[in-house]
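S.K.: So that we are looking at the same thing, I have put the structure below in structure tokens.
The values are calculated or read from the model by the stated rules, or taken from the named source; none is laboratory data. As the structure is a prediction and not an experimental result, all values here were calculated from the model. Heads up, the Cβs are rebuilt from the backbone with ideal geometry, glycines too, and the neighbour counts pull from every protein chain shown. Surface areas here come from the heavy atoms of the whole protein model, side chains and all, with no ligands, DNA or RNA. Shrake-Rupley method; radii C 1.70, N 1.55, O 1.52, S 1.80 Å.
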Amino acid sequence: MATATGKLDRLEGLRGFAALYVAAGHILNVHFDNPRWALPGRFAAEVVILFFLLSGFVIRYSTRDESSFGEYIFKRFRRIYPLFFLTLIISYALRSWAEHRWLPIDGNELAANIFMIQDFAYKRPGEIGRAHV
């Protein structure tokens with residue numbers, strides 16, 4: 001049921017749970033080198049799919065009054081890419097700082113990151129990309 005603000009609270013709650021589940025799964029996999037600790041997060045890949053399906057619905061629901069698809073794409077690009085580029089730059093700077101030198105930039109890897117297909121070579125069936133953990 002939508003609230004007065006037009007939000008779908010239960011759907012938002014499910015999306016929040018999915019995001020926390022995936023984050024917890026990553027933390028368990030990265031920080032605990034024990035298969036038993038990773039067991040609770042074993043459905044993280046499926047929950048990521050659920051999160052994106054719900055997010056697609058939420059995006060469409062929230063933009064139902066947009067005037068055109070082009071305007072929608074422009075607004076999404078303007079909202080996502082500046083922060084994404086800043087994150088790429090900060091990540092590169094921090095990694096270079098940790099190595100005590102400016103690291104070389106691979107043009108193919110940079111292009112893959114800009115187009116958000118950086119993990120395409122590591123795909124499993126039914127999966128476009130995979131996060132390196």
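S.K.: Taking the range 79-89, which residues are open to solvent by 80 Å² or more (accessible area, probe 1.4 Å), farther than 18 Å from D106 by Cβ and either touching a Pro at 6+ places or on another chain (Cβ under 6 Å) or at pLDDT 90 or above (or both)?
M.R.: L83, L86
S.K.: Whether any residue in the range 68-75 is at pLDDT 90 or above, within 30 Å of G13 (Cα to Cα) and not β-branched (V, I, T) is what I want to check.
M.R.: No, the range 68-75 contains no residue that is at pLDDT 90 or above, within 30 Å of G13 (Cα to Cα) and not β-branched (V, I, T).
S.K.: Residues in the range 87-116 that are under 27 Å from E12 (Cα atoms) and of a type in the set (A, V, I, L, M): how many?
M.R.: Residues meeting the conditions: 1.
S.K.: Moving on. Pick from the range 102-133 the residues that are within 14 Å of the chain's Cα centre (by Cα) and open to solvent by 100 Å² or more (accessible area, probe 1.4 Å): which of them is modelled with the lowest pLDDT?
M.R.: V133
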